[in-house]
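Here's the structure we're looking at; comments come further down.
The values are calculated or read from the model by the stated rules, or taken from the named source; none is laboratory data. Computed from a prediction, not measured in an experiment: that's the story for all the values here. We place every Cβ from the backbone using ideal geometry, glycine too, and count neighbours over all the protein chains shown.
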Amino acid sequence: MPAGRPIVVGITGASGAPYAKRLLEVLLAGGHETHVVMSPSATQVFQAELGISVAADKGTLEPLLGAAAKNLRLWNHLNLSAGIASGSFRTAGMVICPCSMSTLAAITHGQGTNLIHRAADVHLKERRKLILVPRETPLSLVAIENMASVTRAGAIVLPAMPGFYHQPTTIQDLVDFVVSRVCDLLEVDNSLIRRWGSSS
């Protein structure tokens, strides 16, 4: 990862709040400058899946991350004047976790109607790393074709599909598997899982 450059995290309304929460925890624990955009639908999913009321519209993720939340920058999803909306704002990459099918479609077709879409478009046009973590099943042909199109445009599609070769015993193990793969692509050091071929 380019030294000192921030990471952008978009959180949308697909199921998968535990993945987003864990990713933010790992990035903050590693001291990475992190810029977050959360859609209104995402806050509803966090309430449903984690029982946590997130006040993203009030500019804080403290209910989700505790005191560590002060170390990230939270942007309103409609703030198209944010730094991350510009290609001149240099980053180490962006991940949308989880990525809803509507967000996937908007990015694939260049519809920058909110800050998550716009920041993703910036990463594509600047040839920076953009990782999309969809969590949907089954997949329609429309979704599959959108994934193919956005991959051709330069994004990386990393579905929230945990493996089992690390012999998970808890839900947290499954969450960590996906988050570890995201971190690897962002070049963020982590030891969340036992890697294939490793004894530890």
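Condition first: in contact (Cβ under 8 Å) with a residue 12 or more places away in the chain, among the hydrophobic types (A, V, I, L, M, F, W, C) and more than 19 Å from Cys97 (Cβ to Cβ). Now tell me which residues in segment 135-191 satisfy that.
Scanning segment 135-191 gives a single hit, Val142.
Which condition number does Met94 fail, the rest of (1) in contact with a Phe, Trp or Tyr (Cβ under 6 Å, 6 or more places away or on another chain); (2) modelled with pLDDT of 95 or more being met?
Against the list (1) in contact with a Phe, Trp or Tyr (Cβ under 6 Å, 6 or more places away or on another chain); (2) modelled with pLDDT of 95 or more, Met94 comes up short only on (1).
Would you check which residues across segment 162-200 are surrounded by fewer than 19 Cβ atoms within 10 Å (Cβ to Cβ), within 15 Å of Leu23 (Cα to Cα) and in contact with a Ser or Thr (Cβ under 9 Å, 6 or more places away or on another chain) and list them?
Passing the criteria: Asn190, Ser191.
Tell me which residues, restricted to segment 56-86, are under 20 Å from Leu115 (Cα atoms), exposed (fewer than 14 other Cβ atoms within 10 Å of the Cβ) and among the small types (Gly, Ala, Ser).
Passing the criteria: Gly59, Ser81.
What residue, among those in segment 1-32 that are of a type in the set (Lys, Arg) and assigned to a helix (DSSP H, G or I), is surrounded by the most Cβ atoms within 10 Å (Cβ to Cβ)?
Lys21
How many residues does segment 157-182 contain that are closer than 21 Å to Glu33 by Cβ and modelled with pLDDT of 95 or more?
The number of residues fulfilling the criteria is 2.
Identify the residue in segment 134-148 that is of a type outside the set (Val, Ile, Thr) and in a helix (DSSP H, G or I) and, among all such residues, is surrounded by the most Cβ atoms within 10 Å (Cβ to Cβ).
Asn146
So, in segment 158-191, of the ones that are assigned to a loop (DSSP other than H, G, I, E, B) and closer than 15 Å to Arg135 by Cα, which residue ends up farthest from the chain's Cα centre (by Cα)?
Ranking the qualifying residues of segment 158-191, first place goes to Gly163.
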